[in-house]
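The values are calculated or read from the model by the stated rules, or taken from the named source; none is laboratory data. Small disclaimer: the values here were computed from a predicted structure and weren't measured. As a convention, Cβ positions derive from the backbone with ideal geometry for all residues, glycine included, and neighbour counts pool all protein chains shown.
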Amino acid sequence: MAQHPDGESQQPLAPAAAASPPPRPGLSYAAPAPIVVIPPTPRSVRLGRAFWLFSFVAGLAVLIGSFLTRDSHLERLRTVVDQMSPGGGPDAVTTSATIVFWGSLGALLLVILLEAAALAIFSARRGWSRWLMIPLLAGQVVFMVVAAAFLVPDGDAGSYVVMLWGAQLLLAFLGLVAVFVPSAGGWLKAARIQSAQVMPARTRQ
């Protein structure tokens with residue numbers, strides 16, 4: 001033991017860290033949120049989305065082509081309207097042809113936009129959007145039958161329009177079938193299970 005020069009003993013000093021133990025962390029009663037595992041998108045869902053997107057491309061090609069050739073369409077529609085309701089004045093025939101042409105384009109474009117919105121909702125894993133696609137596709141067929149008399153010209157141009165419309169309907173139908181196969185249903189069901197697991201954990205926090 002060390003001593004001072006005057007003969008008194010010198011006591012060793014304890015380290016400051018050993019004087020007081022570190023505080024313990026408090027108890028936590030909040031359970032951590034579960035880790036959400038997102039399953040991979042099945043092949044049927046990817047194919048369904050691809051079919052719908054190609055369907056939109058085919059439909060928009062008809063609408064763009066009709067818009068670019070609107071002068072010839074309006075001239076032909078004046079003759080069609082005059083034959084359907086003879087005796088009308090030139091201004092009335094022109095107005096009716098314009099309304100019919102733009103109304104047909106607008107109706108078909110609206111259906112495509114609604115289908116695209118339903119596809120986006122489905123991609124967000126909302127299963128009810130699949131059932132919305134069925135009446136939209138049926139409505140598209142009805143609009144095409146009505147608009148065929150106004151937007152399908154004579155000759156080769158009309159054949160191209162019919163081919164594109166046929167491809168649009170076929171692709172849309174294949175996309176509709178793809179989103180109803182069991183693997184797509186399992187993908188949507190997994191999303192519902194994950195939501196049910198996450199919501200109670202967030203409520204407890």
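Looking for something within 18 Å of F173 (Cα to Cα), of a type in the set (A, V, I, L, M) and out of contact with any Cys (no Cβ under 7 Å at 6 or more places or on another chain) - is there at least one such residue anywhere in the stretch 85-108?
Looking for residues that are within 18 Å of F173 (Cα to Cα), of a type in the set (A, V, I, L, M) and out of contact with any Cys (no Cβ under 7 Å at 6 or more places or on another chain), one finds at least one in the stretch 85-108, hence yes.
Restricting to the stretch 70-123, give me the number of residues that are charged (D, E, K, R) and over 36 Å from the mean Cα position of the chain (by Cα).
Total meeting the criteria: 5.
Would you pick out the residues in the stretch 123-174 that are under 20 Å from T41 (Cα atoms) and in contact with a Lys or Arg (Cβ under 7 Å, 6 or more places away or on another chain)?
S123
In this structure, does V145 turn out to be loosely packed, with under 13 Cβ neighbours inside 10 Å and either more than 30 Å from R70 (Cβ to Cβ) or modelled with pLDDT of 90 or more (or both)?
For V145, the condition - loosely packed, with under 13 Cβ neighbours inside 10 Å and either more than 30 Å from R70 (Cβ to Cβ) or modelled with pLDDT of 90 or more (or both) - is met.
Please determine whether any residue of the stretch 140-153 is touching a residue at least 60 places away in the same chain (Cβ under 8 Å), under 19 Å from the mean Cα position of the chain (by Cα) and outside any helix (DSSP H, G or I).
Looking for residues that are touching a residue at least 60 places away in the same chain (Cβ under 8 Å), under 19 Å from the mean Cα position of the chain (by Cα) and outside any helix (DSSP H, G or I), one finds none in the stretch 140-153, hence no.
Can you work out which of the residues in the stretch 89-119 that are touching a helix residue (DSSP H, G or I) at 6+ places or on another chain (Cβ under 8 Å) and small (G, A, S) is farthest from A149 (Cα to Cα)?
In this case the residue turns out to be A118.
Please go through the stretch 70-117 and pick out each residue that is polar (S, T, N, Q) and either surrounded by fewer than 13 Cβ atoms within 10 Å (Cβ to Cβ) or over 19 Å from V161 (Cβ atoms) (or both).
Listed by number, the residues that qualify are S72, T79, Q83, S85, T94, T95, S96, T98.
Evaluate the following for S55: is it closer than 17 Å to A167 by Cα, touching a helix residue (DSSP H, G or I) at 6+ places or on another chain (Cβ under 7 Å) and not hydrophobic (A, V, I, L, M, F, W, C)?
yes
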